[in-house]
1. Apply the a/c threshold of 1.5 to the C-alpha gyration tensor of segment 707-754 and tell me whether it is rounded, prolate or oblate.
2. Using a/c under 1.5 as the rounded threshold, could you call segment 521-599 rounded, prolate or oblate? The axes a ≥ b ≥ c are square roots of the C-alpha gyration tensor eigenvalues, and prolate needs a/b larger than b/c, oblate otherwise.
3. What do you reckon, how do Arg423, Arg669 stack up by accessible area (1.4 Å probe), largest on top?
4. Positive end of the charge dipole of segment 181-286 (Lys, Arg +1 and Asp, Glu -1 on Cβ, about the Cα centre): tell me which of Gln246, Ile213, His181 has its Cα farthest that way.
5. Tell me the accessible surface of Phe158 in square angstrom (1.4 angstrom probe, heavy atoms of protein chains only), to the nearest ten.
6. At a Förster distance of 25 Å, what's the computed FRET efficiency of Tyr488 paired with Glu134, Cβ-Cβ distance as r, to 0.05?
7. Leaving out ligands, DNA and RNA but keeping every protein chain, what accessible area does Glu746 have, in Å² rounded to the nearest 10, with a 1.4 Å probe?
8. Please give the solvent-accessible surface of Phe510 in Å², to the nearest 10, using a probe radius of 1.4 Å with every protein chain present.
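The values are calculated or read from the model by the stated rules, or taken from the named source; none is laboratory data. In this text, all values refer to a predicted model and were calculated from it rather than measured experimentally. Here Cβ is always computed from backbone atoms with ideal geometry, including for glycine, and neighbour counts include all displayed protein chains. Surface accessibility is based on the protein's heavy atoms, side chains included, excluding ligands, DNA and RNA. Shrake-Rupley method; radii C 1.70, N 1.55, O 1.52, S 1.80 Å.
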Amino acid sequence: MPAQQSASSRNKGNNKANNIADEVIDFREIFAKYLYHWPLYLLLMVIFCGAGYVVTKIIKPGYEIKASLVMDDSKDNKSSKDNAALEQLDLENPPKVVENEIEILKSRSLISKVVYDLKLWVNYSRDTKLVKHEDLYGKSPVNFEILKPQGLLDGHEFEIVIKDKNTFLLKGAGGKLKEFHFSNTLINSFGTWKLVPTSNISKYIGTTINIEISDPDLVANTYQSGISVTLADKEASTVELSYTDQLPQRGRDVINDLITRYDEAARLEKTNLTQNTLDFIDNRLASLKGELAQAEGQVQNFKSSNGITDLSKQSDGFLQTAQANDRDLQTVNVQLGVIESIENYLNSPNNANAPSTLGINDQGLTSLIQKLADLSQERIRMLANTPETNPVFDPINSQIKSLRSAIKENISGIKSSLNAQKRKLEGYSSKVNSSIKDVPINDRALVGLERTQTLKENLYTYLLQKKEEIGLSYASTLDNARTVDSAYVVPPKGAKRLIPLAAGLAFGLFMPTVIIFGRNSLKNRIISSKDITKAVSIPILGELTFEKSKNPIVVHDKARFALAEEFRTLRTKLHYLHDKKEKGRVTLLTSSVSNEGKSFVATNLAVALAASGRKTIILEMDLRKPRVSAILDIPQDHAGISNYLNGEATETKIIQKSELYPNLSIMSRGTYDDNPSELLEQPSTGILLNWLRENYDDIVIDTPPVSIVTDAIIVSRLVDVTLYVIRQGYTSKAMLPFISNMEEEEHFPKLNIVFNGIEKGRYGYGGYAGYGYGDYVEDKKAKKRYSKSIFNNFFKRF
């Protein structure tokens, strides 16, 4: 026993070292395990790649539509001849901020107009064999027209069948069809509507058309989130628009219509500004026209009543001085009038039309007034879609308030300066008038009248000229942006079209791996010797390859050359395990559960021992479920071990000689007994084995599975060596703690493991089992068996 414990300690130390070495991942083994199931990989890759190919044919790729604009800047404005009049009247718009224009392009108001322009809230489709709901944008046989909407339009869908060019069938509840003419007006829950045939009607006769109506506001939200507007270059004012759609034509229409709507909005804003200026000039001209006519009439009446034909030359100098002073005074009065109109504009919060700054040369004031007008226009645009109480108005209201305060401060200073200048000119005018007191009264009166006439006439002529110039500018209003590239389609990259195929290939590789891994994990079976050595310290005496055969005795089967050689190797190792003992060697074979190949290993080991010239006997001590008699094809009704233990037969009476295998004898079970464990507990069991030790070289005992019954443990005290059979892919890993416990409690002497049923390549283990044996076999069938063909066990590889 101490020697056995010493050997056990050495084995534990060796297994510990092996476990440390086994911690290194063997990728070759893992790869071989999965490669064994290549038909499963091939099948699933064909299925998934085929599905990916079908997807590429059915699902249309998303096409990216792009366009680019160049926003207007200050240099372009100053260089434009058409804007000369606006510049002189200080009515030119300031340079646009590109970021603001980007927000305008993405604004919901513009996109809503696009949705209504293109009727994107109505979708027409049909079902084909390959495509369900094929979109008929731009080629629909009918147009849906809502004549009188009622309630929400969202979520309404109906089907029609085109009967002919004049009539259609409407599918109602329960799939019933009702015929209508295209001229008919229909009424339902969402309002009054009708269908108008298009030029494509003849192509769809007999076709079912699906018409889906959505809420235009929701559709606008969808397109607003899908349209991207970005600044192409920070150093330039080029803006790029992009949108992705499965229908290229629809995408182009959306982008082009959005650009058109943006240009119209910008043009309308400039038109309103110019029109406001023209209205101001017209009002001023109407006023001056009456004043000029009155001045001319006064001059004419004065000359006529006083018979004056020419003025005195003495008054020429005074007249010139007075006229110049009066012109300056009139200019100041005009400027004060402009200041007054600006004050009225500031005191009227709801007026978004900017007043003219004609005659005011303060560029700062002009810029502030223009900014205030722009903010007022922006606030009016926002009021079109947003309630005034919305917090989004807080920033713009704050800016407007700040600008009004700044303008008031500015005009206060200007007004003070103009009033001072006016008082100065009036004082100077008084001096001039006193200087010409000596001029005849008639001449002085005529000069005053003519001066007034001249001033009115000059101002009237100036305003008429500016009106004509602004009229020309109004006729040729400049756009804020210039289209560089109209909407165009970016062809989808080839790599995108291969995505479904690549996904199919990935799934074809991933799913079999998951299936194999999950299958092996759920089984929780022992796959390799590493699984054994990690859990127990029992040495593995030999490994036996799985080979399918009709004859269970493989030692003499030339077609099973590899497995026969493995049994011979096991026979040789057993010789050293018995410490080279030549006679009376007792070897017990057991396992954890049934069907692990225990009886198969015991029988072939006994045949291999007999084939080497050793007198061998095999004992069928699995008294509950015997298998040895059937394997060796001997009569099962012959007296056997149970008869001997019951005292019904002697040793020699229960021995059967094998006719096929010389030197081999068999002790079968004999008559069935209800209490086999109690039967084996009798002293006669030891007497029998002692007798066999004296008469045989090797005694091989086949016992029941040790985890089911205790028969093997009862007999183990009488044997020299125990071989514990574990079958690859069958024995559960849950049995390893039980086996380890058997060793620790030393129930079996010289316990060793035989790893049975190793399948070549199936579990990534034993890939070299049988390798090279074909070179030593003459039999053609055997050579073919040991060839490394990937088609071996084809259906089992799934």
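1. Prolate, since a/c reaches 1.5 and a/b exceeds b/c.
2. Verdict is oblate for segment 521-599.
3. In descending accessible area the options line up as Arg423, Arg669.
4. His181
5. 30
6. Details: r = 24 Å, r/R0 = 0.97.
Approximately 0.55, to the nearest 0.05.
7. 80
8. Answer for Phe510: close to 120 Å² accessible.
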